[in-house]
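This report refers to the structure that appears directly beneath it.
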Amino acid sequence: MTERVAIFDTTLRDGEQSPGNTMNAQEKLRVAKQLESLGVDIIEAGFPIASVGDFESVKQIAETLKNCEVAGLARANFDDIDRAWEAVKHAAHPRIHTFISTSDIHLKFQMRKSRDEVLKMTEESVKRAAKYPANVEFSAMDATRSDWDYLCRVLGVAIEAGATTINVPDTVGYTVPDEFAALIRYIMEHVPNISQAVISVHCHNDLGLAVANSIAAVKAGARQVECTINGIGERSGNTALEEVVMILRTRKDLFAFDTRVVSEKIYPTSRLITSVTGAPVQPNKAIVGTNAFAHESGIHQDGLLKARLTYEIMTPESVGIPKSSLILGKHSGRHAFRERLENLGYPLEDKELNLVFKRFKALADMKKDVYDEDIEMIIMDEVVRVPEKYRMVYLSVVCGNMAIPTATVRIEVDGQVHQEAGFGDGPVDATLKAIQKIIKTNSKLLQFAVNAITGGTDAQGEVFVKLQEKGSTVIGKGADTDVIVASGKAYINALNKLEFVKKRKDTDKSPVKSEKSP
């Protein structure tokens, strides 16, 4: 049978302690409501004695939430514990979480207390917390660097005094999975009254092992994991909630455990934490990173299109992401490219696809991301176009604040290449004047506009040119990562359209021979 692992979320306490992650009372309440909706079992809402603001936030959250426990953190002294109780006493399910250090390093250099003094403080503080109608959790700070036998003595005293949950923190992210699992087993074997409490673990990520250590502890006997959304927290962060939840859910063949977290709400919760704290999630972050369900490699895209299981061990929908992304870039293959074209409404023949795919690959070599708008402009250039009387072969521009803008162009006109140079008030003006020397157009430039198709400094420039000649008005379009080249393309595109209009008018004026019946 599947056993349930309780999720103790400390995003609002440990997560908020990391630099830059401070939240105001309104933001904390909003996050708390989302965490309750997510399905966590316990929310550590804050450290009530730390400030008046923190006390009020914890109190407000305790009075609002109904479906999960609300915990207030307290050091092992009466003032802290009483203040924590005042903050959480109106909660539907209150919890007081008190802690004290147990490692000799902390006792000698930080607390300056003896082992016996810490044992006494543990007993008195837990008894103080247990007199209130609340669940009591006791944490042995820096447990993983503590003497194991002494740690077991402290935990036994805490349980005897009334603690219903004992927490074994890897406060500085020092342990490794095998060692941590062995410690949990040692505690289970050497704390006589351990059956009266739930074993919890709270791991930091200084060596990148917080999640691995937490999972190892669960396998060894822990039944509560303390974690944060996106793994935020002191220094390198805490155990990431989303990773623990999805490991247990995805690898049911290895772990007979689960949580009551609604996994489909993981991604929206992650996004909320990012928007509230301003702390971005790294793109390759497991579960919630922007690349977690994004595929650019042609081999991966081909497999994914045939069967999602080939390269996805969980569905994006299972964590609240609408769908996987096939990122089009220089590594993408023809299969994914055709799929994107069809989704955009452009089912192309093989010959047309080859033209567009070649242009796409060339563009992908110049810019990191190729967007749908980029592809549509390529299609407009290569497929949906009028016959080309004029084609730009070469363009070179010299400009600057100490140079006269000069453009040299080579244009193919009905198969023959012509070259001219032009001067202008700027690089675009010089380019258009050089083109005019070759084509000798009488058209009037009515409008010239430049837009960035997509964001970023490597975006394609999209140029629109409106020309008028003898009552005919056309709009030319051109796109390129170089806006000067895009301008030349747009101008020539418009001139080709004018030529097409002229020929059509001439055809309409030509006499049509009538055919008589025999």
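The values are calculated or read from the model by the stated rules, or taken from the named source; none is laboratory data. These figures come from a predicted structure and were not determined experimentally. All Cβ positions, even for glycine, are placed from backbone atoms using ideal geometry, and neighbour counts span all protein chains on display.
Side notes on the structure shown:
- Any hit, the range 347-361, residues being farther than 25 Å from LYS477 by Cβ, at pLDDT 75 or above and either surrounded by 15 or more Cβ atoms within 10 Å (Cβ to Cβ) or in contact with a helix residue (DSSP H, G or I) (Cβ under 9 Å, 6 or more places away or on another chain) (or both): no
- Some residue of the range 212-221 being in contact with a Ser or Thr (Cβ under 7 Å, 6 or more places away or on another chain) and crowded, with 22+ Cβ neighbours inside 10 Å: yes
- Some residue of the range 404-414 being among the hydroxyl-bearing types (Ser, Thr, Tyr) and closer than 28 Å to LEU355 by Cα: yes
- For the range 254-264, the criterion of being without any contact (Cβ under 8 Å) to a residue 24 or more places away in the chain, surrounded by fewer than 20 Cβ atoms within 10 Å (Cβ to Cβ) and either within 24 Å of VAL198 (Cβ to Cβ) or of a type in the set (D, E, K, R) (or both) is met by at least one residue.
- Residue within the range 161-181 that is part of a helix (DSSP H, G or I) and within 27 Å of VAL70 (Cα to Cα) present: yes
- Check on ALA240, surrounded by 24 or more Cβ atoms within 10 Å (Cβ to Cβ) and among the hydrophobic types (A, V, I, L, M, F, W, C): yes
- Filter result for the condition that a residue is under 28 Å from the mean Cα position of the chain (by Cα), in the same structural domain as GLU137 (by TED's automatic domain parsing) and among the basic types (Lys, Arg), over LYS66, LYS33, LYS89, LYS59: LYS33
- Enumeration of residues in the range 189-209 that are β-branched (Val, Ile, Thr), surrounded by 21 or more Cβ atoms within 10 Å (Cβ to Cβ) and within 37 Å of the chain's Cα centre (by Cα): ILE199, VAL201
- Scanning the range 300-326 for residues that are surrounded by fewer than 18 Cβ atoms within 10 Å (Cβ to Cβ) and modelled with pLDDT under 80 yields a count of 4.
- Each residue in the range 202-225 was checked for being part of a loop (DSSP other than H, G, I, E, B) and touching a Lys or Arg at 6+ places or on another chain (Cβ under 9 Å), and 4 pass.
- Meeting the requirement of 3 or more residues that are among the hydroxyl-bearing types (Ser, Thr, Tyr), the helices (runs of 4 or more DSSP H) wholly within the range 227-310 are 266-277.
- Only listed residue being among the aliphatic types (A, V, I, L, M) and either assigned to a strand (DSSP E or B) or not assigned by TED's automatic domain parsing to the domain that holds LYS489 (or both), chosen from LEU432, LEU395: LEU395
- Screening the candidates GLN436, GLN416 for the property of being surrounded by fewer than 16 Cβ atoms within 10 Å (Cβ to Cβ), closer than 21 Å to PHE500 by Cα and modelled with pLDDT of 85 or more yields one hit, GLN416.
- Flag for ILE166 being buried (at least 23 other Cβ atoms within 10 Å of the Cβ) and either modelled with pLDDT of 95 or more or assigned by TED's automatic domain parsing to the domain that holds ILE43 (or both): yes
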